[in-house]
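Note sheet for the following structure.
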Amino acid sequence: MKKIYPLAFYLITLFMNVKATNVASPVRINYQVTFPEALAHYVNIEMTIVGLSQNGVDVKMPVWTPGSYLVREFAKNVEGFTAESNGTVLTAYKTDKNTWHIANGNHSDIKITYRVYCFEISVRTSFIDAAHGFLSTSGLFMYPAGMLNEPSQIHITPYKGWTTVSTSLEPVNGDQFTLYAPNYDILFDSPIEVGTQDVFSFEASGVKYEVAMVNGGNYDKGQLKKDMAKIVEEETAIYGENPNKRYVFIVHNYAKSGGGLEHLSSTVLGASRDNYATKGGYENFLGLVAHEHFHLWNVKRLRPIALGPFDYDKENYTPNLWIAEGFTAYYQDIIIRRTHLYPADDYLARLAGNISSVTNQPGAKIESLNDASFNAWIKLYRPNENTNNSTISYYSKGALAGMLLDLEIINDTKGEKSLDDVMKYMYDEYYKTKQRGYTDAEFKAGLEKFAGKNLDDFYNQYIYGLADMDFAKYLGYAGYQLADDNARSNNATLGVATSPGSNGKIVITGVLRNSAAWVDGLNVNDELSAIDGQPLNNDLDKIIAAKKPGDKIVVSLSRDGIQKNLHVTLLKDTSVKYKIIELANPTADMMTVRKKWLKL
């Protein structure tokens, strides 16, 4: 186990660029966490602040959690806020949406109590019921304004039957229910799972890894230990060091779940409990492990300059999420390939699927990667019926940008260097040496250092611009090419996404930009009842499949209770379905790139 003060010194100095001190703080902050109403999804929190010198203090609840770029307004879940000092009730009131002011007068010690409603299942929000408590700390623990660098101690009184705590926070005197946080950035980056989770461990790259499995599942612990260790070691090899002594995976297994959220020394994963036994399900889980664990370096330490120190009151904007998340999405699959946990053909199939998805998304022609990163706060986490038409994911397209740059560097250096060298250089230069985040220009310079060329054209086309990525050129470096299985098809399409409605009707949930439906005026929420007078019976796709481009149809629908007949001319389906195939006679240089890229 790590000692408390060396850990605080290391993390505060390197991660937050704040000078550490061994002098005890005049202010002491403690939390008591109880669950008297766990069945109703509440946690009670008692916060004590000892040693105040001012006559008034503000306490604040973060509005967002790092790694998930959306203002979630965690204060909305707070109830029953009160403050007192030695039995004297203190005046307390809100001054804005996430700040409470306490008039403590000459009282130096105060106790604050409040409860928080926790009933949102995700990797970034707290959830409590009789079975377990997941404490997403940024949405639970208030902090005194101006005291983000202060340490705190958290004592948890578990609900009946709960026996185990899983968190990267250090226990105090070996008591797993009493935890120490060196500062609030670390507290808010250290989720806590309390319950009866199945915990197992393994060692990799000199680090102890703990895995907390919540809600059961058909996983094979022995297999997971081996495969997760391979991922850890492959990723550590890129950076040359693993900065933790202990790392915790908290895995929430539900009937259907997914996603993950990275933290400094842990991660929270969402998984489907019965999918571990299927090839696709297991590979997807390993990809999730690889993605979130790669963030241990990329984002949590090597980071855009805007992402730390954090402002917990508002958005922290950066145009570089295509690097922070997109490159991580690229590495999650290439790392699995490098461990040989699946063959090269499986990797190429996943890559082809991502290329097809990005190519088929109209929003790729509307929003650049730079803008997608900056707009994350208002777009990615707030999708609507037109999102597909107006935005692009910095995850999926960012992963493709990472792939192109990796191939460019490997090709330009004849297999001597790769994107790995860029990531290690940037980690050493900015996290370890300069002890700060990087700017957009600095990361570009790092890429150019190893590509050996100016990348203005690449950035102007693919990062700041909307040009189609030249996959033929970059895949050609490795002796591959794209082939479109849809190239010779002449299928008609209406261009809508639908879901079953009431009374056998079909409801439009999305209209594809420039499709037949878009051009001729079909709308989201239209209830379709017939095509050319033929009543629909969940057979819209079958009816359209029997048509050809240019055919005119009459669509009968109800729009806000008004019956309409719209004349629609069907258009050709121009979507692609790519696969990656070998060039007939790859050169020796191509094979050098291929072997380096896919670790053959």
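Rule-based calculations on the coordinates, nothing more; no lab input. Please read all numbers here as calculations on a predicted model, not as lab measurements. Counting neighbours? That spans all protein chains shown, and the Cβs are built from the backbone with ideal geometry, glycine included.
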At 0.36 nm per residue, minus the direct Cα-Cα distance, what do A483 and H155 gain on full extension? Give it in nm, one decimal, please. 112.2 nm
List residues of the stretch 522-554, by number, whose backbone nitrogen lies under 20 Å from a label position 7 Å along Cα→C-beta of S502. 523-530, 536-538
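Give the order of M61, M213, M469 when sorted by the count of other beta carbons within 10 angstrom, beginning with the fewest. Don't skip to the answer; put the middle values down first.
Values: M61 25, M213 22, M469 19.
Starting with the residue having the fewest Cβ neighbours, the order is M469, M213, M61.
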Work through the residues other than L405 whose Cβ is under 11 Å from its Cβ and net out their charges, Lys, Arg +1 and Asp, Glu -1. -3
Going by how many other Cβ atoms sit within 10 Å of their own, how do T569, T391 line up, fewest first? T569, T391
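Efficiency by 1/(1 + (r/R0)^6): what FRET value for K564 and K245, r their Cβ-Cβ distance, R0 = 51 Å, to the nearest 0.05? Can you show the working numbers first?
Numbers: r = 66 Å, r/R0 = 1.29.
Working from the Cβ atoms, E equals 0.20.
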The Cα extents of the stretch 198-278 along the principal axes, largest first and rounded to whole Å, are 38, 24, 20
Inverse of <1/r> over all distinct C-alpha pairs of the stretch 507-600, i.e. the Kirkwood Rh in Å, gives 16.5 Å
For the pairs K60/K230; K60/K256; K397/K596, note any where the Cα-Cα span goes beyond 31 Å. K60/K230; K60/K256
Can you give the net charge of the other residues whose Cβ lies under 12 Å from the Cβ of G139, counting K and R as +1 and D and E as -1? +1
Full extension between A255 and A545 adds, at 0.36 nm per residue less the Cα distance, a length in nm of 101.0 nm
If exposed GluC sites (Glu not before Pro) are those in a DSSP loop with at most 15 other Cβ within 10 Å, what is the longest stretch of the chain that has none? 417-600
Based on DSSP H runs of at least 4 residues, each adding -39500 (n - 2.57), what is the mean residue ellipticity at 222 nm of the chain after dividing by all its residues, to the nearest 500 deg cm²/dmol? -7500 deg cm²/dmol
Extension gain, A530 back to R436 (0.36 nm per residue minus Cα-Cα distance, nm): 27.8 nm
Cβ-placed point charges (K, R +1; D, E -1), dipole of the stretch 4-194 about Cα centre in debye, nearest 20: 220 debye
Just in the stretch 242-273: which trypsin sites (Lys or Arg not before Pro) are loop by DSSP and have at most 13 other Cβ atoms within 10 Å? K245, K256
Mind putting together the pair-distance distribution for the stretch 321-478? All Cα pairs, 10 Å bins, whole percent per bin, short to long. 10, 39, 36, 14, 1
Taking a straight Cα-to-Cα line shorter than 16 Å from K542, and setting aside same-chain aspartates and glutamates fewer than 8 residues away, one finds D532, D551, D573
Consider just the alpha-carbon atoms of the chain and return their Rg together with their Dmax, both in angstrom. 26.7, 84
May I ask for the angle, rounded to the nearest 10°, between helix 221-239 and the longest principal axis of the chain, with both axes built from Cα atoms and the value confined to 0 to 90°? 90 degrees
Mark the label point 7 Å from the Cα of L455 along Cα→Cβ and return the residues of the stretch 272-300 whose backbone N is within less than 20 Å of it. 294-300
